[in-house]
Each structure stands twice: as structure tokens, then as C-alpha cells.
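The numbers here are math on the coordinates, done by the rules we state, and not lab data. As the structure is a computational prediction, the values presented were derived from the model and not from experiment. Neighbour counts are summed over all protein chains in view; Cβ atoms, including those assigned to glycine, are modelled from backbone coordinates with ideal geometry.
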């Protein structure tokens, strides 16, 4: 990776931020956003491989979620504990780490994979939203390279912008789930009212009948409730 001028670096950063910023306000699915981030980052950093790891707060581990590498070996699902390996260390320390040769770095856990893929130098940076680390993004070169201060700054800025896009996508998903749950409740409540009136049963019995039908037909309670409402309208 050849050193770039300050002007060239700024242009790269602006281009990357523009692409990722569009993802923030888009209706792309999270997986599409992650794929976009690694492709854009690899392009900006001129890296052979870019990989993105997200923190799974439930299990307290970092899981690889996206890479633009085509190798089946590299695409395998992998995870690291907080503090484990370079990725886990960067997540805990919340600061970038530069490695001139991954094969000689004690913290680096995937030396055999690095040999197969021809990975040499590595830059790993945390992805943060309001000082909270949500993941780590890495870029690799296929030859020895000392990352410049400008490159680290570009990568860090891109990583943090990417973190906002990911966080935004996560919030949208949560909002949709909550909205769906509220709609389902309203539909079930309406169906219960219909059963209570037509079959002269209690609220508890109406709910039990919808629940039993749901289990018998292996359909959601919302689907059963919608069928009851539709039948009542005919």
C-alpha cells in the first residue's frame, strides 16, 4: 500500500463516507450494509482482505459477519472472546492496532489461515458508537506495509461511520419487531372479542381457543386471529 498524499487521502475518505452515509438512511438489510462496508473499506484502503466482526452481547464474543474475500476457508463462521486474539484485544482496548507481519504477532490467532491467504500486514480498528465498541474491522495487505498516520485516520473514520450505519440498521430491525408485536396483539384482541360475542365464552377461553388452533395448525396466533376476523366479515 503506497503512501498517499493528504489530499488523496481526504478524497478517499469522503468517497467512502458518502457511500456508507447513504446506507445509514437506506432501507437495506443489515447483511447488505455489512457487505457494502467491507467492499468500500477494501477499496479505500486498497487491501487484499477486509473483515468485519460484530460483538454479540448475549454471548460476549466477537463473530465474523462480513468479508469481501472469496476464499471458502476465510468465509467460515468464526468467533473470538473479548480480549482474545488481535480482534478481541482491539475491542477491549478500544484503540487501533497495526501489525507489520501477522505471522510474527503473538496475539494473532489465525496464522495458518494467513499463510493460505497470503496475508502479511494488518490494521485493526474498533467500531464505535458514542464510545461504545460494537465491533472491529480489519484490513490486510499481501506484502509488508507500515500503515501511515493518515491511513489509520481514514480507516478509523470509516469504521466509526460504518458503526453508525450498523447501529441504525439494528434499531430499525428492533422497531419493526416491536411494531409487528403491537399489531399482532391488536389482531388477537379483536379476534378474542369476536369469539367472546359469537360463542359466548370468557376472554380466557377465547384466548385458549386461538392458542390451541395455532398449535394444531402450526400457524402463528396472528394468522389464526386474522382468519377469525376475515370469516366474521364474510
Practice item. Quickly rank 88-94, 106-112 as a protection proxy: mean count of other C-beta atoms within 10 Å, highest first. Key: 88-94, 106-112
Revision key, fill the gap. So the pair-distance distribution of the stretch 178-234, from every Cα-Cα distance in 10 Å bins, comes to percents of 27, 57, 16, 0
Practice item. Quickly rank 36-44, 220-228 as a protection proxy: mean count of other C-beta atoms within 10 Å, highest first. Key: 36-44, 220-228
Review point. Where the centre of each part is set by its Cα atoms, how far does the stretch 148-163 sit from the stretch 189-234, in angstrom?
Key: 54
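Could you give the length gained on full extension between residue 146 and residue 56, defined as 0.36 nm per residue of separation minus the Cα-Cα distance, in nm? Intermediate results must be reported in sequence, preceding the final value.
On the way: separation 90, 0.36 × 90 = 32.40 nm, distance 3.11 nm.
So the chain would gain 29.3 nm between residue 146 and residue 56.
Express in nm, to one decimal, how much length is gained between residue 31 and residue 82 on full extension, taking 0.36 nm for each residue of separation and deducting their alpha carbon distance.
Working: separation 51, 0.36 × 51 = 18.36 nm, distance 2.26 nm.
Going from the current span to full extension adds 16.1 nm.
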Practice item. State the volume of the convex hull built on the alpha-carbon positions of the stretch 82-129, expressed per residue in Å³ and rounded to an integer. Key: 71
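What ranking do 153-162, 129-138 get when scored by the average of other Cβ atoms within 10 Å per residue, highest first?
My ranking of the peptides, most packed first, is 153-162, 129-138.
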Revision key, fill the gap. Residue separation between residue 46 and residue 204 times 0.36 nm, minus their alpha-carbon distance, gives in nm 50.6 nm
